[in-house]
1. Do we have B:THR49 as assigned to a strand (DSSP E or B), away from DNA strand C (no atom under 16 Å from the Cβ) and over 23 Å from B:ARG136 (Cβ atoms) here?
2. Restricting attention to segment A:15-25, does a residue exist that is over 21 Å from A:ALA114 (Cβ atoms), within 11 Å of another protein chain (Cβ to nearest Cβ) and small (Gly, Ala, Ser)?
3. Would a scan of segment B:58-70 turn up a residue that is touching a Pro at 6+ places or on another chain (Cβ under 8 Å) and open to solvent by less than 40 Å² (accessible area, probe 1.4 Å)?
4. Within segment A:166-192, which residues are within 14 Å of chain B (Cβ to nearest Cβ), more than 9 Å from DNA strand D (Cβ to nearest atom) and not in a helix (DSSP H, G or I)?
5. In the set B:GLU80, B:GLU48, which member is open to solvent by 20 Å² or more (accessible area, probe 1.4 Å), more than 19 Å from A:SER145 (Cβ to Cβ), of a type outside the set (Phe, Trp, Tyr) and in contact with a Lys or Arg (Cβ under 7 Å, 6 or more places away or on another chain)?
6. List every residue pair whose Cβ atoms lie under 6 Å apart, where the two residues are 6 or more positions apart in sequence or sit on different chains, the first residue falls within segment B:111-134 and is hydroxyl-bearing (Ser, Thr, Tyr), and the second residue, located anywhere, is in a helix (DSSP H, G or I).
7. Sort through A:TYR141, A:TYR134 and tell me the only one that's open to solvent by less than 40 Å² (accessible area, probe 1.4 Å), out of contact with any strand residue (DSSP E or B) (no Cβ under 8 Å at 6 or more places or on another chain) and within 20 Å of A:LEU31 (Cβ to Cβ).
2 protein chains.
Amino acid sequence: MNYEQSHKLILDNVGRFIDLTELEKRKYISLLTRVKVKKKSFLMQAGETAAYEYFITKGCLKVYTLDDNGAPHISMFAIEDYWTGDMASFITREPTAYFIKATEDSELLGISRANYQLLFQEIPKFERFYRILYQRSLIAYIKRSNHGISLSAEERYIVFKKNYPNLVNRITQKDLAAYIGITPEFMSKIITKVNRM
Amino acid sequence: MNYEQSHKLILDNVGRFIDLTELEKRKYISLLTRVKVKKKSFLMQAGETAAYEYFITKGCLKVYTLDDNGAPHISMFAIEDYWTGDMASFITREPTAYFIKATEDSELLGISRANYQLLFQEIPKFERFYRILYQRSLIAYIKRSNHGISLSAEERYIVFKKNYPNLVNRITQKDLAAYIGITPEFMSKIITKVNRM
DNA sequence: GAAAAAAAATGAACTAGTTTAAGACTTTTA
DNA sequence: TAAAAGTCTTAAACTAGTTCATTTTTTTTC
């Protein structure tokens, strides 16, 4: 994927909520850093401070923590046209607890902490963009945090499959289990059962 | 609680992220509606469209859904100095799935959908206020949605008690169970066990 | 302040999800 | 392209959390 294509993708994404002039578009693009991550390599590791927030132009990554027993808990899969990073660490500068690892060869556009602040000074419209982006993410997370607590594992799997039908085929069952919050063994049973229905 | 006190509370809350002139403060206050809710009565019920977003100046409310079996799942407790409502319904105008019920006599300041939009036109600084408010809420919800999936009920209780030490004594064990995502019977066992430790 | 209603505690029988282990299948790497 | 490493499946024994039923304690209401 070339520069022009990836810039078009991010400008389209931003364009859903705010209108930018040509000059503003060029200014915005100039604040972004292009990043490539090979499959199985890390974009971020626990202990680091998150220096960037990322927009994915190609590929797929998993964002996860390791619990006290060393078991992974995936908090999101990030694919093309999605944003990722650890916002808590990005904002507070405290070390992150997350790993972000590419599950496919991926390409991203990153914005550094300094440029993120600069962006609001130079193009205040971006306060609105992020206000709306965070508002929508919040709605999605409120739903997910309720589902996590009130649905059974089987129901969580059915909801995930319905919401992200394409993603199911791009990730391993093991990773899906770490996202749903169950063991790979039980994930295998659920999939067998649900497909039989 | 009189008008002046409740206005001071909300202006202090807003003042954490943006600075307003006296004129802007008066303008903002003029866009708000004062609401009182008696203990056990509803601020919102499933099926309605959320017409307001609320700031609580006094009291405590629970935000919950009822599942297919009629069992309640509490998604948040809202107390003084917190914001509540159903943002999804407020934004999309779709009917809400939530009930919001006062667990104590409560007082709130509401902003209507029309005034919320007007606010951004009249005082664009509020894009920034909400950008930061939503960003922080998002960080909290990401954490909660991960905890819901990766921690045991006992751990979720310990985390809740640590994060909201005062709230624990203001709500019933039954409501806490509906928040933690377990039965009241198991909640009772966990509390007995944790207090024994 | 007595009666009624709701919340909390306890226990026994049950179910959803875990653990451990082993074999079959797939993907990666040299 | 063979070997190694990782993923998926299956099954038996286990644990966290549920369900149902009963009693005690606390709160609400008139």
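The values are calculated or read from the model by the stated rules, or taken from the named source; none is laboratory data. From a predicted model like this one, the values you see are computed outputs, not experimental measurements. Here the Cβ is made from the backbone with ideal geometry for all residues, glycine too, and neighbour counts use every protein chain on show. Side chains included, ligands, DNA and RNA excluded: accessible areas come from the protein's heavy atoms. Shrake-Rupley method; radii C 1.70, N 1.55, O 1.52, S 1.80 Å.
1. Values: assigned to a strand (DSSP E or B): no; away from DNA strand C (no atom under 16 Å from the Cβ): yes; over 23 Å from B:ARG136 (Cβ atoms): yes.
So B:THR49 fails the test.
2. Among the residues of segment A:15-25, not one is over 21 Å from A:ALA114 (Cβ atoms), within 11 Å of another protein chain (Cβ to nearest Cβ) and small (Gly, Ala, Ser), which makes the answer no.
3. We begin by selecting, within segment B:58-70, every residue touching a Pro at 6+ places or on another chain (Cβ under 8 Å); these are B:64-66.
From the residues that got through so far, the ones that are open to solvent by less than 40 Å² (accessible area, probe 1.4 Å) too are B:64-65.
Yes, there is a match, as at least one residue in segment B:58-70 is touching a Pro at 6+ places or on another chain (Cβ under 8 Å) and open to solvent by less than 40 Å² (accessible area, probe 1.4 Å).
4. Within segment A:166-192, A:GLY181, A:ILE182 meet the criteria.
5. On the way: B:GLU48 fails: in contact with a Lys or Arg (Cβ under 7 Å, 6 or more places away or on another chain).
Only one candidate passes the filter, namely B:GLU80.
6. B:TYR130/A:ARG131; B:TYR134/A:TYR134; B:TYR134/A:GLN135; B:TYR134/A:LEU138
7. A:TYR134
Listed here are the residues, each with its yes/no results for (1) over 19 Å from A:LEU138 (Cβ atoms); (2) within 11 Å of the chain's Cα centre (by Cα); (3) at pLDDT 95 or above.
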position: B:THR57; (1), (2), (3): yes, no, yes
position: B:ASP68; (1), (2), (3): yes, no, no
position: B:SER75; (1), (2), (3): no, yes, no
position: B:PHE90; (1), (2), (3): no, no, yes
position: B:THR96; (1), (2), (3): no, no, yes
position: B:SER112; (1), (2), (3): yes, no, yes
position: B:ASN115; (1), (2), (3): yes, no, yes
